[in-house]
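The values are calculated or read from the model by the stated rules, or taken from the named source; none is laboratory data. Owing to the predicted nature of the structure, the values given are computational and were not obtained by experimental measurement. Virtual Cβ from ideal backbone geometry, glycine too; neighbours counted across all protein chains shown. Please note that ligands, DNA and RNA were not included when accessible areas were found on the heavy atoms of the full protein model with its side chains. Shrake-Rupley method; radii C 1.70, N 1.55, O 1.52, S 1.80 Å.
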Amino acid sequence: MQKDQILSSILLLSLLIAAIVTMADSQPSIEAKVHIVYTEKPEDLEAEDYHIKTLASVLGSEEAAKEALIYSYKHAASGFSAKLTAEQVSELSKQPGVLQIVPSQTVQLHTDRV
């Protein structure tokens, strides 16, 4: 009888561990990654001020927006790059004036020839 209780305990523990691992894998990533956010060209504000205001609407404060902001694009296109979580990207994409958000990628243009 005692052997059956030990086996049942081991089985329950295994199932509990499997459930915890499955739940952890299904949780959305909260890791912030760099994204490029394309916006409409601002008419009433300087570009960087507009970008900070747009970002602050999701991050909660201008201080948080300034900390997340990496670069503000002002010449060929209007937009900015910032470190954002998946949830922040989703919320930011709903903001007025936000046209598109894409993950930043590093691309190698040339390869070494041997």
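How do Asp49, Asp112 stack up against each other in accessible area, from largest to smallest, with a 1.4 angstrom probe?
The residues order as Asp112, Asp49, largest area first.
Less than 20 Å apart at the alpha-carbon level, and either on another chain or at least 8 residues along: which aspartates and glutamates does that give for Lys66?
List returned: Glu31, Glu40, Asp44, Glu46, Glu48, Asp49, Glu87, Glu91.
Rolling a 1.4 angstrom probe over the protein heavy atoms, how many square angstrom per residue are accessible across the stretch 33-103?
61
Sort Glu67, Glu62 from largest to smallest accessible area, using a 1.4 Å probe on the heavy atoms of the protein chains.
Glu67, Glu62
Can you compute the modelled spin-label distance between Thr85 and Glu48, with each label point 7 Å from Cα toward Cβ, in nm?
In this crude spin-label approximation the distance works out to 2.8 nm.
Can you bin the stretch 33-103 into rounded, prolate or oblate? Criterion: square roots of the alpha carbon gyration tensor eigenvalues sorted a ≥ b ≥ c, rounded for a/c under 1.5, prolate for a/b above b/c, oblate for the rest.
It comes out rounded by the Cα gyration axes.
Heavy atoms of the protein only, probe of 1.4 Å, neighbouring chains included. What is the accessible area of Leu45 in Å², nearest 10?
Counting only protein heavy atoms, the figure is 70 Å².
For Val102 and Glu31 in one chain, what is 0.36 nm times their gap in residues minus the Cα-Cα distance, to one decimal in nm?
Difference between extended and current length: 24.0 nm.
Gln95: net charge of surrounding residues, Cβ under 11 Å, Lys/Arg +1, Asp/Glu -1, itself excluded?
Its environment carries a net charge of 0.
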